[in-house]
Every structure is written in C-alpha cells, then in structure tokens.
Amino acid sequence: MQIIAYPHPTLRHVSKPIRRVDAELKQMIREMFALMYEAKGIGLAANQVNLPLRLFVMNLESDPEKGRELVFINPVISAPKGSAEAEEGCLSLPGLYGPVVRPKTVRITAYGLDGKEIDIAATDLLARCVQHEVDHLDGVLFTDRMSAGAKADALEELLEFEMLFNSQRSTGNIRSDEVLAAERAEWEQKYC
C-alpha cells in the first residue's frame with residue numbers, strides 16, 4: 001500500500017459505502033495510519049491509497065503517541081455554518097499548498113471501526129480536515145476548491161505532477177486505467 005499522487009484516476013473516483021468490516025479491512029486501516037504518520041499528514045482517505053471505499057482516518061496531531069486516532073466509515077457532512085479561508089495541502093499533492101474557503105463548522109456523522117455511530121459538531125481544524133477528506137471520497141481535490149487566481153498560481157506544480165504521473169505510467173510503474181478500474185470493482189464487490 002502506498003499513497004497515490006495526482007492525477008491518479010482513483011483520486012477522481014467517487015467512493016462506495018462500506019457494508020462490511022473484516023480483519024483485512026482493519027489491517028488496511030492500520031496501514032493507512034502508518035502511511036499518514038510517515039508522510040506527516042493529519043488525514044488520509046481510502047482512495048488516496050487506491051481503495052474505492054468510503055472511509056478515512058485522521059489524527060490532528062499527526063503522531064500515534066499524541067492526539068486521537070479516528071476512523072470515519074461512510075461519513076456524511078451536514079449543517080455547514082460560517083466561512084473561513086485557510087491554507088490546505090494534501091498527501092496526494094505533496095509540497096503543494098493553497099488557500100481554500102470552507103464552512104467554519106459542520107456536523108459529521110459516520111461509523112467508527114467498532115460499528116458505533118459517530119456524531120460530531122466539528123469546528124476549526126477538525127471541520128476543515130473532515131471536509132477535505134470527505135471531498136476525497138467524492139473525487140474532489142482541494143485544488144478544485146481554490147479560487148481561479150490561486151489555481152493559476154499552482155498550475156506549474158500541477159503540470160509537474162501530471163508529467164511525473166505520465167512518465168511513471170509510460171514505464172509501467174502505474175497500471176492502466178482499465179486495470180485500475182478492475183481492481184476498484186473487486187474491492188467494491190468485496191466491501192460494498
């Protein structure tokens with residue numbers, strides 16, 4: 001398992017709701033936390049590791065010894081209030097940052113790994129992070145939410161990501177869209 005980079009097609013795939021949790025999925029979630037910590041991130045969505053499943057992991061402290069590890073399965077965001085602009089980054093676009101306007105507070109409901117319902121009124125960084133991760137599950141990247149001017153400023157870096165992706169694909173290091181779609185279908189059949 002590894003974190004995939006823009007413009008990998010799975011990042012644009014709308015994730016499917018999970019209907020079952022088994023030992024294999026729990027192991028993948030542990031691996032997602034490990035990858036997130038290694039990359040110094042605070043959140044990681046399943047499709048960022050090429051899994052088309054509606055879940056993400058988060059620890060706002062980015063440290064397994066600190067903060068609280070949270071797993072959100074089948075998350076839904078509601079009740080957006082206010083507005084705040086802040087700089088965001090993404091583990092699938094390493095080194096790229098830009099300003100994004102999002103609701104300042106939201107309610108997130110989901111299921112935890114233990115099967116219990118999560119219902120949180122989120123504000124500030126927690127609200128921003130859950131919105132960012134749910135966007136991933138919907139095939140939306142933070143760059144899609146940047147203003148036209150901010151996105152234009154990031155264009156050169158986005159083109160570099162695209163060139164690197166195309167280079168890796170041409171050498172066979174990234175599988176074809178057809179193979180990736182078949183892999184996603186297998187995961188969906190197993191868990192959705």
Which helices count as membrane-span-like in the chain under these terms: full DSSP H, at least 18 Å along the axis by C-alpha, Kyte-Doolittle mean of 0.0 or more? 23-38
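Once the Cα gyration tensor of the chain is found, what semi-axes does its equivalent ellipsoid get, as square roots of 5 times the eigenvalues, in whole Å, sorted largest first?
Details: eigenvalues 117, 104, 43 Å².
Listed largest to smallest, the semi-axes of the chain are 24, 23, 15 Å.
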Length gain on complete extension for the stretch residue 119 to residue 97, per 0.36 nm per residue less the alpha carbon to alpha carbon distance? 5.0 nm
How far is the Cα center of the stretch 1-44 from the Cα center of the stretch 121-192, in Å? 12 Å
Virtual spin-label span in nm between residue 78 and residue 107, 7 Å along Cα→Cβ: 0.5 nm
Summing -39500 (n - 2.57) over the DSSP H runs of n ≥ 4 in the chain and dividing by its residue number, what mean residue ellipticity at 222 nm do you reach, to the nearest 500 deg cm²/dmol? -12000 deg cm²/dmol
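Return the Rg/Rh ratio of the stretch 1-79 with Cα-based radii and a Kirkwood Rh. Show your work: numbers first, answer last.
On the way: Rg = 12.4 Å, Rh = 13.0 Å.
The Rg/Rh ratio comes out at 0.95.
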Students often forget the sequence filter, so: which aspartates and glutamates lie under 19 Å Cα-Cα from residue 16 once same-chain residues fewer than 8 apart are removed? 24, 117, 133, 135, 138, 177, 178, 183, 186, 188
Once label points are set 7 Å from the Cα along Cα→Cβ at both residue 170 and residue 24, what is their separation, rounded to one decimal in nm? 3.6 nm
Loop sites in the stretch 108-178: trypsin sites (Lys or Arg not before Pro), DSSP, at most 11 other Cβ within 10 Å: 116
Can you pull out the trypsin sites (Lys or Arg not before Pro) in the stretch 27-72 whose DSSP state is coil and whose Cβ has at most 12 other Cβ atoms within 10 Å? 40, 66, 68
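Can you work out the FRET efficiency for the pair residue 183 and residue 138, with r the C-beta to C-beta distance and R0 = 25 Å, to the nearest 0.05? It would help to have the intermediate numbers written out before the result.
Details: r = 20 Å, r/R0 = 0.79.
Efficiency for this residue pair is about 0.80.
Every number in this text was worked out from the coordinates using simple rules, so none of it is lab data. Note that the structure is a prediction, hence the values are computed from the model and not measured. Virtual Cβ from ideal backbone geometry, glycine too; neighbours counted across all protein chains shown.
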